[in-house]
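The values are calculated or read from the model by the stated rules, or taken from the named source; none is laboratory data. If you're wondering where the values come from, they're calculated on a predicted model, not measured in any experiment. Every residue, glycine among them, receives a Cβ derived from its backbone with ideal geometry; neighbour counts consider all protein chains shown.
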């Protein structure tokens, strides 16, 4: 296999096989992943990133499918540099990452999604890739921005990131994208209530998909009430109703994504967000590397520690302190109050 | 406030206020939490732990409520030491931990649960406690076993652990309990499919709650098919149908929990499980302590690192390596392939 910089050069010239290989390297983690990330780092590109998140069955994949078509046709509108790369008519290339975090709570949905998205398979300007991140140092929180950075660096102006969608991964993906779309369905009052804090934290806009079903207006009222009761910043997440099966509302959704992007550009939020993203990645990588060191130490001493714990001579806190004392240079282990 | 060992002594003598304070210490984390855990460690008790997990709205709380009543009335049956503490008729004390992991994806449900469980408020033999774990070193994965250990040490023979239920927290709670009950509802075919790997990993038994609704038999077939397609150990997770609102199926559920416990006792699995639990806690604590050390280092150098990253002079991997080199004694940073 060619080395990362050769692949990178080919991918920039439109070679999709080379691009797929680069993303496989990112997915796998390891030293080559790191080289790829470093190359992308040096020529970051200008991609705008939209995350699409929501529970399994909410219709995310069909929505994503429509957003691909709309992105191809319309780009992200006239106002932003992020829409560059489109032709004169505003259209452009679109990349899609479908995230399978390899967590015990996912699986199953991706294959169907990929089959469904094959409607774009013959369109050279659409690149679709599902991605697992089990081996990646720093996991999802680092692998997604790395992959987005690669797609941006090879010239995509728009990257859609779709999650299969349960729990923490949504937070991670939201942190890695510029606009986060949260998809809910009519009748989800209880689920919305239960996930309130999480939804507010990540949503830049809400989509009520399957809005032709009973309960859509109640769900809108639930979301509105939740937003009313929350101290929001300058941007109040709009609520868009769609029926993905008939394309209803897709153009309105696209316009709303564009409005959010413009809002962020106007107040300079994109730079701040991307800066925070770097810090977050750095912290994740640091923690992962430190855990590797700890794992090696544990491996060396595991048998003795286990016996002492099972015998009741050592509790897990004491065991951890003992190992740590042998590992850290200079600085004493902090008190757990720190 | 009295010191942990005084509180611990009072709690063992039945003082519920002292017990609540001990659990507050565990919840908060820090040095006192550690003292409490150490005390519990020295007199571990014999509690049997049942985790009840499932999505918001599945009826976990009502089920838990019934299990409290059944546990009071019947204990866990005649065969196990874990049922000790009951009176001659087999009944016993019951403690309930309702876990609010303080994750962005929870909140909202706990207050309602606590109100609902007030039906046991006048029963001295029932102790109900909701628990957040934001401050705890090692998080949920350590706080739950610590809290369970405290409840066991002060004499509860049965501890129910209920999650509010999304994603990773269920895995953590399952790892901390002896029997894990996964609650699903009729019509959850898609959700079951999407969460297949996760459900199989954690479920010792399945409950189809609200089994009087349409789709219960289809859901049972979905679960059965999923189990058929999986290589299982000696224990095939049984499927129990309940209607928590009318108590239907609760006795059958209780019997099934008892069968699972007996099965584990017979093949010596409980000791192995508890040993693995110690190792897991130890690893979590070690990682958390290491992260504390890393956080201090980052704080010292953050400004410089951020500027270099924003300027594009340093990618997050290089930044992490540089810090790590200053932190770890002797052993060189492992390659990311390790």
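Would a scan of region B:198-210 turn up a residue that is modelled with pLDDT of 90 or more, buried (at least 20 other Cβ atoms within 10 Å of the Cβ), on the phi < 0 side of the Ramachandran plot and assigned to a loop (DSSP other than H, G, I, E, B)?
Scanning region B:198-210 turns up at least one residue that is modelled with pLDDT of 90 or more, buried (at least 20 other Cβ atoms within 10 Å of the Cβ), on the phi < 0 side of the Ramachandran plot and assigned to a loop (DSSP other than H, G, I, E, B).
Quick one: which of B:48, B:41 is surrounded by 20 or more Cβ atoms within 10 Å (Cβ to Cβ) and touching a strand residue (DSSP E or B) at 6+ places or on another chain (Cβ under 9 Å)?
Of B:48, B:41, the one residue that is surrounded by 20 or more Cβ atoms within 10 Å (Cβ to Cβ) and touching a strand residue (DSSP E or B) at 6+ places or on another chain (Cβ under 9 Å) is B:48.
Any residue that is away from chain A (no Cβ under 14 Å), within 20 Å of residue B:11 (Cα to Cα) and modelled with pLDDT of 85 or more - is there at least one of those in region B:96-112?
yes
Restricting the search to region B:163-197, which residues are modelled with pLDDT of 80 or more and outside any loop (DSSP other than H, G, I, E, B)?
Answer for region B:163-197, where residues must be modelled with pLDDT of 80 or more and outside any loop (DSSP other than H, G, I, E, B): B:163, B:173, B:174, B:175, B:176, B:179, B:180, B:181, B:182, B:183, B:184.
Please determine whether any residue of region B:25-35 is within 12 Å of another protein chain (Cβ to nearest Cβ), closer than 13 Å to residue B:153 by Cα, free of Cβ contacts under 8 Å to residues at least 60 places away in the same chain and in a helix (DSSP H, G or I).
no
Out of (1) within 14 Å of chain B (Cβ to nearest Cβ); (2) in contact (Cβ under 8 Å) with a residue 12 or more places away in the chain; (3) crowded, with 17+ Cβ neighbours inside 10 Å, the odd one out for residue A:230 is which?
Every listed condition holds for residue A:230 apart from (3).
Quick check on residue A:47: is it modelled with pLDDT of 85 or more, farther than 22 Å from residue A:262 by Cβ and in contact with a helix residue (DSSP H, G or I) (Cβ under 7 Å, 6 or more places away or on another chain)?
No.
Determine, yes or no, whether residue B:220 is crowded, with 17+ Cβ neighbours inside 10 Å and modelled with pLDDT under 95.
Spelling it out, residue B:220 is indeed crowded, with 17+ Cβ neighbours inside 10 Å and modelled with pLDDT under 95.
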